[in-house]
Amino acid sequence: MLKIGITGQNGFVGSHLYNTLGLHPDKFEKIPFEASFFDVAEKLEDFIKKCDVVVHLAAMNRHTDAQVIYDVNVELVKKLVNALEKTNSKAHVLFSSSSQEEKDNLYGKSKKVGRELLSEWAKKSGGTFTGLIIPNVFGPFGKPNYNSFIATFCHKLTHGEQPEIQQDGEVNLIYVGELVNEIIAQIAENTTKDSYEVPYTSTNRVSEVLKKLEDFKKLYFEGGEIPELKTAFDYNLFNTFRSYFDIKNHYPVKFTQHTDDRGAFVEVIRLGIGGQCSFSTTVPGITRGNHFHTRKIERFAVIKGKALIQLRKIDSDVVLDFYLDGEEPAFVDMPIWYTHNIKNIGEEELYTIFWINEPYDPTNADTYFENV
């Protein structure tokens, strides 16, 4: 079992990598890292001693003074190299550099210098080093105005603001889940690559991305309709967009109910894509679910009875409670990386309609059990 430590494990890419490694406890042991380790040499050295693999993601991306970015990033690498040397580590070190290496900015220069310092360490020590040159990364939970223009656009559109395009050009992009899979593949390969260009998975104009997100806002955020998603990029962009909702205040969303002397009619979901729709009854006191997905889009719609739907982001202790009643039919959609359940809290049977965007496949279930 490989013991893997991630500097910057609580950052955008780091948290996704940390959580994904947790899906494979039979293969990987995660060695916890805290940013304060960089301030105490002994703690950093103790961390290094425990690791077979170190993924160095800790870095500063933005600051009003570019020189501060350069100094911080280079200093972090120097501290890491010192710890590796003092512990005589033979760990496989992976370093996240950037496609901005060759651009005339201090951030890109700091990444290039850091990669070269770690490459020199590997040559002197006999360690293994992979210098990852990474294109622009987007995905759920990125910080707006920091990690990606997509994060900024998504946050603004879901919080009553209108994004502005500063420069409309073509951008090479990789989804954070795809990047994480690439990092894990490089860990498994375990060979030295001083400079490895991680392939981007899509190229998009900034204005084209904004148009897609504006469509998501109109159709899904405001209308509850799952939009047509034609490509892997569309799916990844949609799941990214969904992660910026103020979930607690957005759900549950009440359906429009049409009634006459025959009874009631409710449209549960309008689709631009297919998927699987199912129906369940649940007796009082019973809880279903307690699992999460990393890619699937799912809707729980309560049409009869009383239910408590609970959500919790898997790296958080905050539980979100939603109370639904069939007297006012409503739905809650499940964000990716949120474990969720539904409990019958009434005195009669609970009737629930479930929709998910892909039929269940036991060989690729994307269903991970964890109690809310």
Quiz prompt | Antiparallel %, DSSP beta bridges [both residues in segment 137-274], to 5 | solution = 75
Exercise. Provide, as a two-decimal number, the C-alpha radius of gyration of the chain over 2.2 N^0.38 Å, N being how many residues it has.
Key: 1.11
Quiz item: Helix 176-189: angle to the longest alpha-carbon principal axis of the chain, degrees 0 to 90, nearest 10?
Solution: 50
Quiz item: Using the Cβ atoms and a cut-off under 15 Å, what net charge is assigned to the surroundings of Asn249, where Lys and Arg are +1 and Asp and Glu are -1?
Solution: -1
Quiz prompt | Mean separation of Cα contacts under 8 Å (6+ apart) over length of the chain, as relative contact order % | solution = 12
Quiz item: Remind me, relative contact order of segment 250-369 in percent, using alpha carbon pairs under 8 angstrom and six or more residues apart?
Solution: 38
Exercise. Mind checking which aspartates and glutamates have their Cα closer than 18 Å to the Cα of Lys313? Skip sequence neighbours fewer than 8 apart in that chain.
Key: Asp246, Glu298, Asp321, Asp333, Asp366, Glu370
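Taking every DSSP beta bridge with both residues inside the chain, roughly what % is antiparallel (nearest 5)?
Rounded to the nearest five, the antiparallel share is 65 percent.
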Quiz item: Going by average Cβ neighbours within 10 Å, how do the peptides 326-332, 245-251 rank, with the highest at the top?
Solution: 326-332, 245-251
Practice problem: Per residue of segment 94-101, in order, report the coupling 6.51 cos²θ - 1.76 cosθ + 1.60 (Karplus, θ = phi - 60°) as ³J(HN,Hα) in whole Hz, putting x for Gly and Pro. | Solution: 10, 10, 8, 9, 9, 5, 7, 3
Quiz prompt | 29 Å Cα-Cα threshold exceeded, pairs from Lys109/Lys211; Lys112/Lys230; Lys254/Lys343; Lys79/Lys193 | solution = Lys109/Lys211; Lys112/Lys230
Self-check item: Max mean-square fluctuation residue, GNM over the chain, Cα-Cα springs under 10 Å, options Ala41, Ala122, Ala58
Solution: Ala41
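With the contact rule set at Cα under 8 Å and sequence spacing of 6 or more, what percent relative contact order holds for segment 1-103?
RCO, segment 1-103: 31 percent.
Throughout, read-outs are computed from the coordinates displayed, never taken from laboratory work. Quick caveat: nothing in here was measured; it's all calculated off a predicted structure. Note: ideal-geometry Cβ built from the backbone for every residue, glycine included; neighbour counts use all protein chains shown.
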